[in-house]
Amino acid sequence: MLKHGILGLLNYGPMTGYEIMLTFKNSLCYFWTAQTSQIYRELQTLKKNGLVSDNNIHQEGKPDKVQFSITEEGKHELKHWLTDDSTKFDTRQPILMKTFFLGEASIAESIDFFSKLNANATEFLKAMDLPLEMIEMYKHGVDDPERKSLYWKMTVEYGRMYGKMIEEWTNNCITKLKEYDDNENINN
């Protein structure tokens, strides 16, 4: 996925590794994370495979910088990835695996787990205003900005809906655990 994320960014225009990293930190990080070292390593693999090319740019008084561009083969790979039929829903959810086995923990520990998850979702939702600001900033650098920013906004909308669902679900889980605990205390 990192490969395609980088190809997608370079499809908008040439970028240095540093610019790619900043773009990840300002936008893609809300749904995909990558370390700086991973980005640079992937850029070298993409170059080796002919999906990107690089160009050294001389700078006065500074080290030269390397700017990467997507190749025609890279555009073909990106298009293939975007249009292949691998849109199946990924059911692997680490949170649900942990939830399934939380019966091995105490009620208090379980409530703590869901409370922390709820707080994380709340923080995530608070941070979702920044991507909308970034969309306005980045859309001026691409062709057909209104169309492309529409897709970016749909991605943010998914994030907001997911965060709200996690908040609602964790609140529901906490309520059920408290009710269970109260009933157990009454029966004992």
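The values are calculated or read from the model by the stated rules, or taken from the named source; none is laboratory data. Everything numeric here is computed off the predicted structure, so don't read it as measured data. Ideal geometry is used to build each Cβ from the backbone, glycine not excepted, and the neighbour counts take in all protein chains shown.
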For this session: Only residues in segment 129-145 that are among the aromatic types (F, W, Y) count as the first member; pair them with residues that are outside any helix (DSSP H, G or I), Cβ under 9 angstrom, at least 6 apart or cross-chain, and list the lot.
Result: Y138/S27
Exercise. Within segment 11-57, how many residues are over 20 Å from the mean Cα position of the chain (by Cα) and either assigned to a loop (DSSP other than H, G, I, E, B) or among the aromatic types (F, W, Y) (or both)?
Worked result: 5
Problem set entry | Filtered residue count, segment 81-105, keeping only those that are over 21 Å from the mean Cα position of the chain (by Cα) and part of a helix (DSSP H, G or I) | 7
Exercise. Of all residues in segment 128-149, how many are hydrophobic (A, V, I, L, M, F, W, C) and exposed (fewer than 13 other Cβ atoms within 10 Å of the Cβ)?
Worked result: 1
Exercise. Mind checking whether some residue in segment 164-187 is in contact (Cβ under 8 Å) with a residue 12 or more places away in the chain, surrounded by 11 or more Cβ atoms within 10 Å (Cβ to Cβ), under 15 Å from N26 (Cβ atoms) and not polar (S, T, N, Q)?
Worked result: no
For this session: Among what's in segment 73-111 and is among the charged types (D, E, K, R), closer than 23 Å to L51 by Cα and surrounded by fewer than 10 Cβ atoms within 10 Å (Cβ to Cβ), pick the residue that is modelled with the lowest pLDDT.
Result: D85
For this session: Determine whether Y158 is within 17 Å of F31 (Cβ to Cβ) and part of a helix (DSSP H, G or I).
Result: yes
Problem set entry | Filter result for E123 (farther than 25 Å from E42 by Cα and loosely packed, with under 10 Cβ neighbours inside 10 Å) | no
Exercise. Would it be correct to say that P131 is in contact with a Gly (Cβ under 9 Å, 6 or more places away or on another chain) and either at pLDDT below 95 or assigned to a helix (DSSP H, G or I) (or both)?
Worked result: yes
Exercise. Got at least one residue in segment 60-71 being assigned to a helix (DSSP H, G or I) and touching a strand residue (DSSP E or B) at 6+ places or on another chain (Cβ under 9 Å)?
Worked result: no
For this session: List every residue pair whose Cβ atoms sit under 6 Å apart, with the two residues 6 or more apart in sequence or on different chains, where the first one lies in segment 20-35 and is in contact (Cβ under 8 Å) with a residue 60 or more places away in the chain and the second, anywhere, is among the charged types (D, E, K, R).
Result: none
